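The values are calculated or read from the model by the stated rules, or taken from the named source; none is laboratory data. Just so you know, these numbers come straight off a predicted model, no measurement behind them. Heads up, the Cβs are rebuilt from the backbone with ideal geometry, glycines too, and the neighbour counts pull from every protein chain shown. In case anyone asks, the SASA skips ligands and DNA or RNA and just uses the protein heavy atoms, side chains included. Shrake-Rupley method; radii C 1.70, N 1.55, O 1.52, S 1.80 Å.
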Amino acid sequence: MNDTNGIAGYEVVKSLRWVDGGLVILDQTLLPVEIVEERQESVEQVWDSIKRLKVRGAPAIGIAGAYGLLVGLRPFVGEALGAFLSRVESTAAYINSSRPTAVNLSWALKRMVAFAKERAPKASDSAALYALLEEEAVRIHDEDRAICRAIGEYGAGLIKPSSGVLTHCNAGALATSELGTALAPMYIAHSRGVPFRIYSDETRPLLQGARLTSFELKQSGLDVTLICDNMAAFVMSKGLVDLCIVGCDRVAANGDTANKIGTMGVAILAKHFGIPFYVACPSSTVDLATAVGDDIEIEEREAEEVTFFGARRTGPEGVKVRNPAFDVTPAGLIAGFITEKGVIKPPYSENLARHFG
Ligand code: MRU
């Protein structure tokens with residue numbers, strides 16, 4: 001299972017794999033204590049794995065969605081082509097209902113459905129169409145590897161020797177095919193021998209920064225220091241942070257950006273301390289159909305994620321709880337978007353449309 005993540009010398013577990021025509025995901029809810037892979041036997045299981053964050057991170061759930069569609073279709077190979085094609089649409093809609101904020105999920109599923117519609121008239125039967133869809137899902141996965149690498153190459157130059165970089169949540173190998181988005185520049189800079197420190201916010205309530213980011217960076221030998229979310233201002237005030245890089249789940253046409261809850265606070269702090277705040281993302285996360293951040297649907301999750309710390313209750317039973325999984329950082333706080341097409345600078349309405357329209 002331990003496979004290189006695309007740079008010689010790094011050993012990062014894979015978030016998901018397509019093995020012998022089946023989807024295998026790493027159950028990220030068990031990290032960093034246990035490394036357990038789980039084969040997805042049904043589309044309902046895939047839906048549940050995305051919902052419960054066994055597989056998570058915007059690009060990874062896009063890839064899981066594309067493969068999950070195949071998991072849902074496979075039992076129906078042999079069906080008449082017309083019925084199979086409408087099953088492609090209904091199964092994609094079902095998977096898409098698992099999580100609303102990361103646009104990569106709907107992006108990948110729309111791409112699979114459009115591909116099926118385009119190819120169906122020329123396919124001899126549902127088995128032939130399924131085979132073509134499998135190739136398309138593998139292409140989505142392969143493209144993500146190349147995109148992460150390109151983001152890493154463009155972003156690595158931002159990391160100067162002896163600097164401190166702060167990140168929030170997990171936008172690393174575990175959130176993508178490999179390397180990550182926000183963490184890709186860090187892996188590339190490190191592989192080139194640039195010495196620098198990383199501060200990883202723990203990221204309450206589900207601790208993706210503690211459980212996942214510090215896990216994968218430490219496993220790869222990068223210099224990572226884990227801090228609680230409320231320590232970010234302190235480390236910034238001590239001059240320990242020169243740069244922030246985070247990932248994202250959806251970028252609106254004007255550059256407003258949804259990412260894990262707490263990201264907006266980091267951006268506000270960065271502005272206060274004069275620290276450049278960058279967002280790393282693939283083009284599949286840019287949603288030009290959403291005009292502004294206020295139009296992004298924010299996932300609200302279970303109260304228990306807030307009233308419990310792991311298995312231990314930390315909030316009184318019955319207390320009122322809010323648990324938005326994401327917040328929206330205003331475009332004005334973002335120094336640039338590190339993408340596979342280069343680092344995009346303001347004005348975002350103009351420059352995002354030009355590169356991603
Ligand atoms: O709820 P999660 O863990 O799926 O949230 C993930 C994030 O917010 C990541 O920062 C984002 O998806 C970018 S992943 C490259």
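Figures for the structure shown
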| quantity | calculated |
| --- | --- |
| For Ala232: the one exception among (1) more than 16 Å from the ligand (Cβ to nearest atom); (2) more than 20 Å from the chain's Cα centre (by Cα) | (1) |
| Residue list for segment 249-258, restricted to those being open to solvent by 10 Å² or more (accessible area, probe 1.4 Å) and either of a type in the set (D, E, K, R) or within 14 Å of the ligand (Cβ to nearest atom) (or both) | Asp249, Arg250, Asp256 |
| Of all residues making up segment 259-304, the number that are crowded, with 20+ Cβ neighbours inside 10 Å, of a type in the set (Val, Ile, Thr) and under 21 Å from Phe356 (Cβ atoms) | 5 |
| The lone exception for Thr181 - which of (1) open to solvent by 20 Å² or more (accessible area, probe 1.4 Å); (2) within 16 Å of the chain's Cα centre (by Cα) it fails | (1) |
| Of residues in segment 305-357 being away from the ligand (no atom under 16 Å from the Cβ), aromatic (Phe, Trp, Tyr) and closer than 25 Å to Arg149 by Cα, the one surrounded by the fewest Cβ atoms within 10 Å (Cβ to Cβ) | Phe356 |
| Exclusive hit being in contact with a strand residue (DSSP E or B) (Cβ under 6 Å, 6 or more places away or on another chain) and more than 25 Å from Val103 (Cβ to Cβ), set Ala210, Ala280 | Ala210 |
| Residue in segment 94-108 that is more than 30 Å from Pro276 (Cα to Cα), surrounded by fewer than 17 Cβ atoms within 10 Å (Cβ to Cβ) and more than 16 Å from the ligand (Cβ to nearest atom) present | no |
| Tally of residues being within 13 Å of the ligand (Cβ to nearest atom) and free of Cβ contacts under 8 Å to residues at least 40 places away in the same chain across segment 184-201 | 1 |
| Per-region count, segment 267-285, residues farther than 14 Å from Ala331 by Cβ and either within 11 Å of the ligand (Cβ to nearest atom) or under 18 Å from the mean Cα position of the chain (by Cα) (or both) | 5 |
| Near pairs, Cβ below 9 angstrom, 6+ apart or cross-chain, from segment 158-175 (among the hydroxyl-bearing types (Ser, Thr, Tyr)) to any residue that is near the ligand (Cβ under 9 Å from one of its atoms) and in a loop (DSSP other than H, G, I, E, B) | Thr167/Ala182; Thr167/Leu183; Thr167/Gly247 |
| Scan of segment 135-153 for residues that are open to solvent by less than 70 Å² (accessible area, probe 1.4 Å) and touching a residue at least 60 places away in the same chain (Cβ under 8 Å), ordered by number | Glu136, Ala137, Val138, Ile140, His141, Asp144, Ala146, Ile147, Cys148, Ala150, Ile151 |
| Test: residue in segment 60-71 that is within 16 Å of the ligand (Cβ to nearest atom), within 27 Å of Gly310 (Cα to Cα), without any contact (Cβ under 8 Å) to a residue 12 or more places away in the chain and not β-branched (Val, Ile, Thr) | no |
